[in-house]
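The values are calculated or read from the model by the stated rules, or taken from the named source; none is laboratory data. None of the values given here were measured: they were computed from a predicted structure. Cβ: placed from backbone, ideal geometry, glycine included. Neighbour counts: every protein chain shown.
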Amino acid sequence: MIYAAWLIWAVPIISVPFIPLIGMVSQRGRNWFAVLASALTAFIGFYLAASFSSGMTESSIIWLPIFKVPVQVLVDGTSVLLAAFISFLSFLIVLYSVGYMKGEKGQSRYYSLILLFVGAMLGLVMAGNLIQLYFFWEIVGICSAFLIAFWYDKPEARRAGLKAFVVTRFGDIALFIAVLIVLANLKTTNYASIFSAIGSKPFGTNTVLLVGILLLIGAMGKSAQVPLHVWLPDAMEGPTPVSALIHAATMVNAGVYLVIRMFPLFSYSSTLLVLVTIVGLTSMIFGAACAVVSEDLKRILAYSTISQLGIMFASIGVGTTLGATATYHLISQGLFKALAFLAAGSVITATGSRNVEELGGLRKSMKYTYIGFLFAMLAMSGVPPLIGFWSKDWIVSTALTSNVVAAILIALSSVLTTIYSFRALFKVFYGKSKLPNEPKESSTVMIVPIMTLVVSVTVGWLVLDYQRLVPFNITIDPLTIGMSLAAIASGIGIVYVAFSSRTAQTQSLMGRNAPLIALRKYLLEGLGFDKFYGFLYSRIVLPLAKTSSYLESGWLGVNMGLMLASVLLIIFLVALKVI
Amino acid sequence: MYISPDQFPLYLAGVLAGVALTIVLLSVTGKRSKYIAMGLSTAGFAFAITFIVLQALGYFGTVQNNPTSSSLFATDWVSYIFGVAVLLVALLVGLTAVDYFSDVIGTDVTTFYALLVFTTIGTLLLIFSANLLMMFVAWEMMSIPSYVLTGFKKKDPASNEAAVKYFVISAFSSAVLLYGISLIYLLTGNLSIYQIVRLMPNGMTVSGMTNFQPIGLLALTFFVAGFGIKLAAVPFHMWIPDAYQGAPTIVSALLSTATKGATFAPAIRVLFVMFSSSTFQPDWTLTFAVLSVLSMTLGNFAALTQKSVTRILAYSSIGQAGYILIGVAAGGQLGLTGSFFHILNYATMQSCAFLAAALIIKNVGSDNLDSFNGIGKRVAVAPMALTLSLLALGGFPPLSGFWSKFVLFLSAFQSTSNLSWLAIVAIINSFVSIAFYVRIVKHMYLDEGNSTTKLVETNGFKASLILASAIIVGTGIYPGPLIEFATEAARSFMSEISSTQLIERLAFILHSL
């Protein structure tokens, strides 16, 4: 069983170099090899989940003897469950890619990066210490940047790739500093050792607080929480399967996983938990508000991811269930978001457009895609008995017992969630088609993953309830169900009125009302975070950079003079000290 | 076969000198001689590497000598790892020279190889030297051929200008260094680094001075300035961008790694042995922390706005010197391990970057960033190697630079002198540096170029770049052995001055009474 825990991330990583090699011989062979590799990974994932009994097992190989850093796999309920989930979802997405990427250039690059991406994410989840986690964390970051910029002929794609790369680095620095502080204080970064040291001498309250804040910043960068979220909406420039992978299976989950994994550290200090909650709630509301106005189908989904991840952070911060609620919602979000992206990708391949205003009436011509998207949106809004209902209402129920404000905010955000979900659904699949030609349904290889996910979204909660890896014991109290059903009903009501029965009145209201116009404009710009960062760069970093190179005038005389001056200055300082 | 460790460097230098003289003789024989010169020098470097490795493994008897005797040389782990790094860089550069100069008018590549071997000999002796006079002679042996190498493109004004600038500044550094040495001699009447340390704190000087501190500090300042110029640490860095840009790019690879890296060996011997007494150490710990911050910040920020790839690499070299100095400032076994390890990695990363850039610059005829546009589609190995080495310089796992930076930053956190602020500044700097490293990658792979004609990659360049990339990736995936070597070097250093120091000092005092 323990071998499976090593193999699950080794298999995709080892198969990376074979992709270009096989690609030289046969294009088809290469694509199916990638599918096979990810299928094998998924199989190992399920085997791991099936053979896992209980408790926590570690297995390690010495890697850096000096710092006693081993390569380590940690097998416990959370890691096994997430590994199985990630490998399953990745398999579906790779399969879908075969259809989606048909006829694209640079597919060897695509499949090698995807496999490396998945392998690194699985390595991150299975890692038994923080150094190893950081190692894979960075690889995940690099792969995502390259994948986002996959269509490098498009300037927006290049910009988005660089942006993802740079913005997530902010979080990475914080995580790196946290790892170093832990290592410097405890001489180990093994999770169990960290948790047992919490509170004792070299790892006292202040250090824990500092490390916790740094870890949180790291998680915010990867999981696109406000204010480090700016890369995620732009990351939509990548191929849609990549978006699905980033949003559902890999990248953004890394941050949440970090916080879940380090929960004993976070729960040590109530300040930390409050911070996690605040970050989560802010992102939840921000993401949902931006998703309501966005006109790009994929951006709507991106903002919704920010919002859903915010819910996970908030549920960890509420802190009653040791992060189990967040784990559940992570899987639930992964499933319905992957479904939404795959369906959206199918729409985009068929119509060539991502703008919801240009689409419409696809319900009849793309039946399977429509079913997929419908189920995704129903699950996202939390309509029972789909998986989203269980995960979200469980979060609200647990929050009600400890943090009523958070619970009410999460329940209220359901209204916004329902609005943006159904707005997208109505605009794309209902109404009159605005397209010149009738779009055709996508190929079977794309429909199979979509339908698999429809089934997963519908019955996934049963599987999650009966698995033994992480005992969820979901309890949802009736008050919560009432609240969320009311939220969904009012959301659907608003959408129906605004976008279906009284479209004209809505448009005239939006056109006349100055505050609404302004609000919409700001939300479309993402509340000006991008502008702010641009300002920081042009006003602080660039002038500093220019000043730094002034010293090199290129004149030998000036250089010599400056050098003499520095020697004299050092002598002077030394002399001052002596006297 | 037994070789006395005291004489080991002489054997090493002797073999290489034989190679160099053969190459000089070859240069009169005719046109084909450049290939023979390349073969000879490559074989010579490879032999020297093997020789050092065998010595380090104890095949020739004693592994390390006792430099506290009046030996001219310190044959220890520091010398071994620096020696191998320098020889490796020389080997990489040597592999590319024939191709690089193939269409430069007015150059004789055979002479280039002779000079390359000569400067390598000087560098090796500098690494091994345990005596200030030997150190100075080796310093000059290293520098003089490198001036000629810098100006090797005779018809190119930029190359000539770079050579003159390098020469003037380097002469200044030699002068300052020599002045420092003379002051030490004035104080102690001795030139052997490992003996001076025992004379220093007692104030027992030949000239009868009782307070050695002012002059000692002055000497220390001169050493810092002299080494600082070769190390390209701010504020002694102004010559670097011009010199590296003007010099033939493969020579920049040599200067920025072999020459610079090798300077760390005597610098660390002077600081951690000669000035290791508690009278001096607090002074230079802070000095080096400040130099480190200045170098990192200035190097990385100045690189942000540069338009030329060689200048970006030059500034990156200044920034990297800053990282290496963290270990010197943090001190202790971990700090030195970090410094040594980072120098090793830096040598392969930076030389790989310069060599890959050399191939591209030679082909497109300009080192402007815009002329690198779309290179990724025109040639395979060079942009890949450049990308790998740049990402490694930026400290990305799973590449070699990540681990050495990791050790360095950790050493600052664990340092007894409370240098956490230094580590945090360094990490932020490391983040800033990503911007310009990735910028080059972006130009190569993402931007659309004017031309799509394929470029020729000659075998020499390919071999060199693939070897360097393999080392970068290999070290990144399994850094264990190299860290072990670096630790071994640091340990041999620390024990020399900490545990046995007191006893030896006492013995010396008794003896001199």
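List of remarks:
Residues are listed down the side, and each one gets a yes or a no for (1) farther than 21 Å from B:Leu393 by Cβ; (2) at pLDDT 90 or above:
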site: B:Ile240; (1), (2): no, no
site: B:Val270; (1), (2): yes, no
site: B:Phe280; (1), (2): yes, no
site: B:Leu286; (1), (2): yes, no
site: B:Val309; (1), (2): no, yes
site: B:Gln320; (1), (2): no, yes
site: B:Leu325; (1), (2): no, yes
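- Subset of region A:162-177 [in contact with a Phe, Trp or Tyr (Cβ under 7 Å, 6 or more places away or on another chain), more than 9 Å from chain B (Cβ to nearest Cβ) and either under 21 Å from B:Phe409 (Cβ atoms) or among the charged types (D, E, K, R) (or both)]: A:Lys163, A:Thr168, A:Leu175
- A Cβ distance below 8 Å, combined with a sequence gap of six or more or placement on separate chains, defines the contacts here; from region A:558-574, residues that are facing chain B (nearest Cβ under 7 Å) and farther than 18 Å from B:Phe288 by Cα reach no residue that is part of a helix (DSSP H, G or I) and of a type in the set (Gly, Ala, Ser).
- As a summary of the residue check, B:Phe413 satisfies the conditions (1) surrounded by fewer than 20 Cβ atoms within 10 Å (Cβ to Cβ); (2) free of Cβ contacts under 8 Å to residues at least 40 places away in the same chain except for the one numbered (1).
- Checking B:Ser400, B:Ser389 one by one, the residue that is small (Gly, Ala, Ser), under 15 Å from B:Ala356 (Cβ atoms) and surrounded by 20 or more Cβ atoms within 10 Å (Cβ to Cβ) is B:Ser389 and no other.
- Residue match in region B:66-81 (condition: in a helix (DSSP H, G or I) and of a type in the set (D, E, K, R)): no
- Residues that are among the aromatic types (Phe, Trp, Tyr) and within 20 Å of B:Ala321 (Cβ to Cβ) were ranked within region B:397-429; the one that is nearest to the other protein chains (Cβ to nearest Cβ) is B:Phe409.
- Screening the candidates A:Thr369, A:Thr349, A:Thr398 for the property of being under 24 Å from A:Pro241 (Cα atoms), over 21 Å from the mean Cα position of the chain (by Cα), hydroxyl-bearing (Ser, Thr, Tyr) and buried (at least 22 other Cβ atoms within 10 Å of the Cβ) yields one hit, A:Thr369.
For every residue, the table says whether it meets (1) at the interface with chain B (Cβ under 9 Å from one of its Cβ atoms); (2) touching a residue at least 60 places away in the same chain (Cβ under 8 Å).
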position: A:Ile142; (1), (2): yes, no
position: A:Ala160; (1), (2): no, yes
position: A:Val179; (1), (2): yes, no
position: A:Asn190; (1), (2): no, yes
position: A:Leu210; (1), (2): no, no
position: A:Ile213; (1), (2): no, yes
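The rows are residues; the columns are (1) surrounded by 15 or more Cβ atoms within 10 Å (Cβ to Cβ); (2) in contact with a His (Cβ under 6 Å, 6 or more places away or on another chain); (3) more than 21 Å from A:Pro385 (Cα to Cα); (4) among the hydroxyl-bearing types (Ser, Thr, Tyr).
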{"residue": "A:Leu416", "(1), (2), (3), (4)": "yes, no, no, no"}
{"residue": "A:Tyr420", "(1), (2), (3), (4)": "yes, no, no, yes"}
{"residue": "A:Pro436", "(1), (2), (3), (4)": "no, no, yes, no"}
{"residue": "A:Met446", "(1), (2), (3), (4)": "yes, no, yes, no"}
{"residue": "A:Val454", "(1), (2), (3), (4)": "yes, no, no, no"}
{"residue": "A:Ile476", "(1), (2), (3), (4)": "yes, no, no, no"}
{"residue": "A:Ala489", "(1), (2), (3), (4)": "no, no, no, no"}
{"residue": "A:Gly493", "(1), (2), (3), (4)": "no, no, no, no"}
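- Restricting region A:403-431 to residues that are more than 22 Å from A:Ser353 (Cα to Cα) and not hydrophobic (A, V, I, L, M, F, W, C), the residue that is farthest from the chain's Cα centre (by Cα): A:Asn403
- Out of A:Thr325, A:Thr277, sole residue that is buried (at least 24 other Cβ atoms within 10 Å of the Cβ), part of a helix (DSSP H, G or I), of a type in the set (S, T, N, Q) and over 16 Å from the mean Cα position of the chain (by Cα): A:Thr325
- Residues (out of contact with any helix residue (DSSP H, G or I) (no Cβ under 9 Å at 6 or more places or on another chain) and charged (D, E, K, R)) located in region A:348-387: A:Lys367
- Residue check for A:Ile114: in contact with a Leu (Cβ under 8 Å, 6 or more places away or on another chain) and away from every other protein chain (no Cβ under 11 Å): yes
- Residue in region B:245-259 that is within 14 Å of chain A (Cβ to nearest Cβ) and over 18 Å from B:Ile343 (Cβ atoms) present: yes
- Hits in region B:33-62 (condition: of a type in the set (Val, Ile, Thr) and in contact with a Ser or Thr (Cβ under 9 Å, 6 or more places away or on another chain)): B:Ile36, B:Ile52, B:Thr62
- Being farther than 30 Å from A:Leu36 by Cβ, among the small types (Gly, Ala, Ser), outside any helix (DSSP H, G or I) and at pLDDT below 85 is a condition met by no residue of region A:218-228.
- Tally, over region A:359-407, of residues that are polar (S, T, N, Q), under 22 Å from A:Met284 (Cα atoms) and not in a loop (DSSP other than H, G, I, E, B): 6
- A:Val75 β-branched (Val, Ile, Thr) and modelled with pLDDT under 90: yes
- Residues that are away from chain A (no Cβ under 14 Å) and at pLDDT 65 or above within region B:192-227 comprise B:Ser192, B:Ile193, B:Tyr194, B:Gln195, B:Ile196, B:Val197, B:Arg198, B:Leu199, B:Met200, listed in sequence order.
- Close pairs (6 angstrom Cβ cut-off, 6 or more residues apart or separate chains): under 14 Å from A:Ile142 (Cα atoms) in region A:103-115, β-branched (Val, Ile, Thr) and surrounded by fewer than 23 Cβ atoms within 10 Å (Cβ to Cβ) anywhere: A:Ser112/A:Val16; A:Leu115/A:Val16
- Residue check: A:Ala184 meets all listed conditions (1) assigned to a helix (DSSP H, G or I); (2) touching a residue at least 12 places away in the same chain (Cβ under 8 Å); (3) in contact with a helix residue (DSSP H, G or I) (Cβ under 7 Å, 6 or more places away or on another chain); (4) farther than 17 Å from A:Leu232 by Cβ but one, namely (2).
One line per residue, one yes/no per condition, for (1) in contact with a Gly (Cβ under 8 Å, 6 or more places away or on another chain); (2) part of a helix (DSSP H, G or I); (3) on the phi > 0 side of the Ramachandran plot:
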| position | (1), (2), (3) |
| --- | --- |
| A:Pro12 | yes, yes, no |
| A:Ala39 | no, yes, no |
| A:Ser53 | no, no, no |
| A:Pro70 | yes, no, no |
| A:Phe88 | yes, yes, no |
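- Among the criteria (1) in contact with a Leu (Cβ under 9 Å, 6 or more places away or on another chain); (2) farther than 26 Å from A:Lys163 by Cα; (3) surrounded by fewer than 20 Cβ atoms within 10 Å (Cβ to Cβ); (4) more than 10 Å from chain A (Cβ to nearest Cβ), the one B:Ile360 does not fulfil is (3).
- Applying a threshold of 7 Å to beta carbon distances and a minimum spacing of six or more residues, or different chains, the list of pairs starting in region A:362-375 at a residue that is polar (S, T, N, Q) and ending at one that is part of a helix (DSSP H, G or I) reads A:Thr369/A:Ala343; A:Thr369/A:Ser346; A:Thr369/A:Val347; A:Thr369/A:Ile450.
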